[in-house]
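Here's the structure we're looking at; comments come further down.
The values are calculated or read from the model by the stated rules, or taken from the named source; none is laboratory data. The structure displayed is predicted, hence computed values, not measured ones. Neighbour counts are summed over all protein chains in view; Cβ atoms, including those assigned to glycine, are modelled from backbone coordinates with ideal geometry. Please note that ligands, DNA and RNA were not included when accessible areas were found on the heavy atoms of the full protein model with its side chains. Shrake-Rupley method; radii C 1.70, N 1.55, O 1.52, S 1.80 Å.
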Amino acid sequence: MAINDRTRQSVRDRAKFLCEYCHSPERSSSVVFTLDHLIPQSLGGSDEFDNLALACRRCNERRYNFTTEIDPQTQQEVALYNLRQQLWADHLIWTADALKILRTTTTGRAMAHRLDFNDEFHNQGFIQKSRQFWTQGGWHPRSEDPRQEM
């Protein structure tokens, strides 16, 4: 079933035009962000509003249809955090300079590993260069996101 424009816009509004995973601003992209299914369609997920998340292409492609990941520290399989039941700030925090996302919980470590939030395994850290530019422009990170003290 195709997702209608009204639902698509409502998802974008709810996310405040940020990727719900890495909190990148949609306006930093040359294309509108994609809609991701929290429970992937391949695993029986629906197109219902509460199952949809706004995602940048990086996060959507890296998440794919995974719902769990191995925590690199404990080597335990952990469920990826549910954007509708948990808060980003309960698992992740920005560095003081807002260039990297740090993990504060097992769930945060698993999510950050799966999505490679800081491009530690892809693209020679390109996302950190982008975040520096966004920070200089004053549109990153969002004020509600926790940050390390200077």
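I'd like the full set of residues that are aromatic (Phe, Trp, Tyr) and either free of Cβ contacts under 8 Å to residues at least 24 places away in the same chain or assigned to a loop (DSSP other than H, G, I, E, B) (or both), limited to the range 73-101. Selection gives Tyr81 alone.
Of all residues being under 19 Å from Gln86 (Cα atoms) and open to solvent by 30 Å² or more (accessible area, probe 1.4 Å) in the range 44-64, which is nearest to the chain's Cα centre (by Cα)? Just the residue, please. Result: Asn60. Condition (residue is open to solvent by 60 Å² or more (accessible area, probe 1.4 Å), out of contact with any Leu (no Cβ under 8 Å at 6 or more places or on another chain) and of a type in the set (S, T, N, Q)) applied to the range 76-83: is it met by at least one residue? Yes, the conditions are met somewhere in the range 76-83.
Quick check on my filter: what residues within the range 11-32 are touching a residue at least 60 places away in the same chain (Cβ under 8 Å), assigned to a loop (DSSP other than H, G, I, E, B) and open to solvent by 30 Å² or more (accessible area, probe 1.4 Å)? Within the range 11-32, just Lys16 meets the criteria.
Take the conditions farther than 30 Å from Gly125 by Cβ and either at pLDDT 95 or above or β-branched (Val, Ile, Thr) (or both) and apply them to Asp50. Does it pass? Yes: the conditions hold for Asp50. When the criteria are applied in full, Arg8 meets the requirement of being more than 16 Å from the chain's Cα centre (by Cα) and surrounded by 13 or more Cβ atoms within 10 Å (Cβ to Cβ). Candidates in the range 33-66 are the residues that are touching a Phe, Trp or Tyr at 6+ places or on another chain (Cβ under 9 Å) and assigned to a loop (DSSP other than H, G, I, E, B); of these, the one that is farthest from Met111 (Cα to Cα) is Phe33. Checking each residue in the range 109-131 for being open to solvent by less than 90 Å² (accessible area, probe 1.4 Å) and more than 27 Å from Ile70 (Cα to Cα) picks out only Ser130. Among the residues of the range 139-146, is there at least one that is over 25 Å from Ile39 (Cα atoms), among the small types (Gly, Ala, Ser) and part of a helix (DSSP H, G or I)? Among the residues of the range 139-146, not one is over 25 Å from Ile39 (Cα atoms), among the small types (Gly, Ala, Ser) and part of a helix (DSSP H, G or I), which makes the answer no.
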